[in-house]
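A.B. asks: Below is one structure. I have some questions about it.
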Amino acid sequence: MKCDKCGYESSLNKNKWGLIICEICDIFSPKDQDSFRDYMLEKIDGSTLETFRKNYVSNSEKQKKTMLKKATHGRLMSRAPFGYKIEKGNLIPSENQKEVEEIFEEFLNEDISLRRLSEKRNLSVNGLKKILKNFTYIGKVKFNNQIYQGNHKPLISAILFNRVQDKLERMKIK
């Protein structure tokens with residue numbers, strides 16, 4: 001699709017108030033519809049925007065790069081999972097850290113459904129599944145389907161974690 005402002009052709013161009021606009025023209029465009037229409041009437045030679053296009057990095061690309069850098073350095077990029085807390089930017093075990101291993105052991109060694117275990121632990125079933133599948137508990141960080149070595153203390157062994165993953169797989173739990 002061609003940008004109605006500068007003529008740049010890209011599959012990333014978007015429809016804004018019935019007109020097609022590229023990412024660069026969109027950055028400079030006014031936010032209200034009336035001003036936007038006037039802005040679109042002022043045509044521009046697309047080649048004058050090439051410097052911007054070459055050097056433009058979208059906010060989502062910047063965020064992904066930042067998150068990837070954190071992951072490769074073993075840092076978590078979200079809130080602390082159950083059993084951990086964040087102190088001075090570092091992930092450290094919290095007071096309830098022992099509960100994590102208990103949950104894994106209970107799920108692995110007892111004939112108990114996810115629903116019953118979640119009720120017993122006062123968690124939602126989805127919350128319980130998130131705990132049971134979370135690589136953070138073995139000292140890893142998962143980002144963008146890649147696993148990185150974390151810089152935090154694991155709360156359970158990799159053997160226990162892998163046995164639980166095997167059981168979840170046998171139960172066909174997603």
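The values are calculated or read from the model by the stated rules, or taken from the named source; none is laboratory data. Since the model is a prediction, treat every value here as computed from it, not as a measurement. So basically every Cβ, Gly included, is an ideal-geometry build from the backbone, and we count neighbours across all protein chains shown.
A.B. asks: Within the group Leu49, Leu108, which residue is within 30 Å of Cys6 (Cα to Cα), hydrophobic (A, V, I, L, M, F, W, C), surrounded by 14 or more Cβ atoms within 10 Å (Cβ to Cβ) and touching a residue at least 40 places away in the same chain (Cβ under 8 Å)?
C.D. replies: Leu49
Residues are listed down the side, and each one gets a yes or a no for (1) surrounded by 17 or more Cβ atoms within 10 Å (Cβ to Cβ); (2) closer than 21 Å to Pro93 by Cα; (3) in contact with a Cys (Cβ under 9 Å, 6 or more places away or on another chain); (4) modelled with pLDDT of 95 or more:
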{"site": "Ser118", "(1), (2), (3), (4)": "yes, no, no, yes"}
{"site": "Thr136", "(1), (2), (3), (4)": "yes, yes, no, yes"}
{"site": "Ile147", "(1), (2), (3), (4)": "no, yes, no, no"}
{"site": "Ile159", "(1), (2), (3), (4)": "no, yes, no, yes"}
{"site": "Glu169", "(1), (2), (3), (4)": "no, no, no, no"}
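A.B. asks: Residue pairs, Cβ under 8 Å, 6 or more apart or interchain, first in region 25-44 and free of Cβ contacts under 8 Å to residues at least 60 places away in the same chain and of a type in the set (D, E, K, R), second surrounded by 10 or more Cβ atoms within 10 Å (Cβ to Cβ) and not in a loop (DSSP other than H, G, I, E, B). List them.
C.D. replies: Asp26/Lys14; Asp26/Lys16
A.B. asks: I've got another one for you. Please work out which residue is farthest from Thr51 (Cα to Cα), limiting yourself to region 1-28 and to residues that are under 32 Å from the mean Cα position of the chain (by Cα) and buried (at least 18 other Cβ atoms within 10 Å of the Cβ).
C.D. replies: In this case the residue turns out to be Ile20.
A.B. asks: A further question follows. Which of the residues spanning region 55-71 are farther than 13 Å from Glu23 by Cβ and surrounded by 11 or more Cβ atoms within 10 Å (Cβ to Cβ)?
C.D. replies: Passing the criteria: Gln63, Lys64, Lys65, Thr66, Met67, Leu68, Lys69, Lys70, Ala71.
A.B. asks: Oh, and also: Report, by residue number, each residue of region 118-129 that is in contact with a Leu (Cβ under 9 Å, 6 or more places away or on another chain) and under 17 Å from Phe161 (Cα atoms).
C.D. replies: Hits for region 118-129 are Leu128, Lys129.
A.B. asks: Out of curiosity, is Leu76 surrounded by 14 or more Cβ atoms within 10 Å (Cβ to Cβ), out of contact with any Lys or Arg (no Cβ under 6 Å at 6 or more places or on another chain) and farther than 17 Å from Gly150 by Cα?
C.D. replies: no
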